[in-house]
Amino acid sequence: MEIPQTVISQGNKPPTIQKETTNQKRRREDATAVATTVVQGMVWLHPSYTPLEALAAMNNGTLLSPPTIPEMDMEGYKSSRAVRDFPIDWTVLTENILDPDHGMFAHSSSGAAKGFDWYSADGSDNVMTIDEEFSSNGGYRIISSVNAVEKLIEYNRDVRSSGKKEGTKQLSKQKQHPPKLATSTYTAPSLISLGRRENSTSPSNFVTAFWVCPVGAGRSRFMSAAVGKTPFSIPRWMVHINLNNFLDQDTFLLLGQHRQVLKREAEGYLQMRDEETTDSNDVRKSTYVYRSPSEKLPVRLGQFFDATLARVPNRREGVMAWYNKNVYNQKLLEPWPQREQVLDRYEQHTKVCPDSSDVVRRCDKVIKRSKVIGFSLLFMRMMSASSGALSMPTSRIPIISGIQQGVFRFATALLQQNKLFYTTLGLAYLLHNVASRIKKEFFFKFNDELHQKDIKYIAKNWKDL
């Protein structure tokens, strides 16, 4: 791509646009034009097309559209989006999201523990179905469906503690009203959607969507959208606080998995080089151990990654560069990055999210002004107590004089009436405290002390922990 105003000349020849050769040095202003399209508010790249080629393909109907979330285009649905950068490889993040069992062990919230399960309340088998297909846009897709019934919390807690199977009322209720299908869909390479549906093709009242995009070996940009049929939209910054609290619970745990997986993947590439093969790199097949009946989906996803990652552009080079930096003598270098670095919300989220950055700026203003009001009130109260009275300010300009007199009367009443004074002072303190607490949510928060408290909540889900 050339800048139109730039004149390119060669010797004494007239200005012409010279075709760049492989040996020709690129200038700083040179760039490669890539075709893009906007779908559901997201910008997608078509790196295999030039803009003109993409237009021609679009006109003749051969340009494949990016994968979409159908509910986002339906009437009555509203969505709230979020973004966060992670020092975690995109493959590990994708596997974590699609692991149906990890919520009961890695997240402390009761909502995460009461999600979908592959067993009913009485322990009978609830079969998961897996479908693999190529979507309308030509991408590989895995769809898992299972009856959305309660997890084993009640069964585990009640049976192990008393030997009695409770929850029969809940089970009979489920039989009277057939449960919805808990559906997880992965569309290669980066789109995930989770939702409960009446059947495999019906819309869901609430869908959680994720776009997990690689931005380098061991680094990802995590984008998500909560799509629901709701009468109003929740402010995005409130959604971001809740999501960041949730993501912090298992991100540091994923760091350990991510380091081991990338190490194994690099060692696989070294073996492929020595054996001069270009076949699949069976990292997950040789590393992971699958035992839970609900791991049918992670197994298929692992098979897909093993078969395709070696062919991803720049993947092998990026992983080997990571390996050379983080591994010495076939051992991972220590220490690990600290929690403050891995869970730095400000660098990973706040700086790249306009909504959250704006909330932080607004909180700073509230904090500053509440301090000014509070200290001013205390200063005026002390001055009034020491002098006995306040002198009224005067001005030669009538309008300013009127404003000054109004402010003076209010200040005098405020200082003379204890109830009004302490109410105003308390309100300033409350605003300062609330703004400070909200602001802290957009910076590093999940320290080791909070992590230890979280673990105690997770243990309550299991009787023998």
Does LEU431 fit the bill of being at pLDDT 65 or above and open to solvent by 60 Å² or more (accessible area, probe 1.4 Å)? yes
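So which residues in the stretch 207-253 are assigned to a strand (DSSP E or B), in contact with a Leu (Cβ under 8 Å, 6 or more places away or on another chain) and open to solvent by less than 20 Å² (accessible area, probe 1.4 Å), if there are any at all?
Of all residues in the stretch 207-253, those assigned to a strand (DSSP E or B) come to 207-216, 219-228.
Checking which are in contact with a Leu (Cβ under 8 Å, 6 or more places away or on another chain) leaves us with 207-212, 220, 222, 224.
Across the stretch 207-253, the qualifying residues are VAL207, ALA209, TRP211, VAL212, SER220, PHE222, SER224.
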ASN461 meets each of (1) polar (S, T, N, Q); (2) surrounded by 11 or more Cβ atoms within 10 Å (Cβ to Cβ); (3) at pLDDT 60 or above; (4) under 28 Å from the mean Cα position of the chain (by Cα) with one exception, condition (3)
Within the stretch 331-366, of all residues that are surrounded by fewer than 17 Cβ atoms within 10 Å (Cβ to Cβ) and touching a Ser or Thr at 6+ places or on another chain (Cβ under 8 Å), the one nearest to ALA266 (Cα to Cα) is LYS351
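Rundown of residues vs (1) at pLDDT 90 or above; (2) in a helix (DSSP H, G or I); (3) within 25 Å of the chain's Cα centre (by Cα), yes/no style:
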residue: GLN257; (1), (2), (3): yes, yes, yes
residue: GLN260; (1), (2), (3): yes, yes, yes
residue: GLU267; (1), (2), (3): yes, yes, no
residue: LEU270; (1), (2), (3): yes, yes, no
residue: THR277; (1), (2), (3): no, no, no
residue: SER286; (1), (2), (3): no, yes, no
residue: VAL289; (1), (2), (3): no, no, no
residue: SER294; (1), (2), (3): no, yes, yes
residue: ARG300; (1), (2), (3): yes, yes, yes
Going through (1) open to solvent by less than 50 Å² (accessible area, probe 1.4 Å); (2) at pLDDT below 90; (3) more than 20 Å from ALA435 (Cα to Cα) one by one, GLY374 fails only at (3)
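Go through the residues of the stretch 344-351 one by one and say whether even a single one is among the aromatic types (Phe, Trp, Tyr), more than 30 Å from ARG141 (Cα to Cα), in contact (Cβ under 8 Å) with a residue 60 or more places away in the chain and not in a helix (DSSP H, G or I).
No, there is no match, as no residue in the stretch 344-351 is among the aromatic types (Phe, Trp, Tyr), more than 30 Å from ARG141 (Cα to Cα), in contact (Cβ under 8 Å) with a residue 60 or more places away in the chain and not in a helix (DSSP H, G or I).
The values are calculated or read from the model by the stated rules, or taken from the named source; none is laboratory data. Here the structure is a predicted model, which is why all the values come from computation and not from measurement. Neighbour counts run over all protein chains shown; Cβ positions are idealised from the backbone, glycine included. Areas reflect the complete protein model, heavy atoms only, side chains present, ligands, DNA and RNA absent. Shrake-Rupley method; radii C 1.70, N 1.55, O 1.52, S 1.80 Å.
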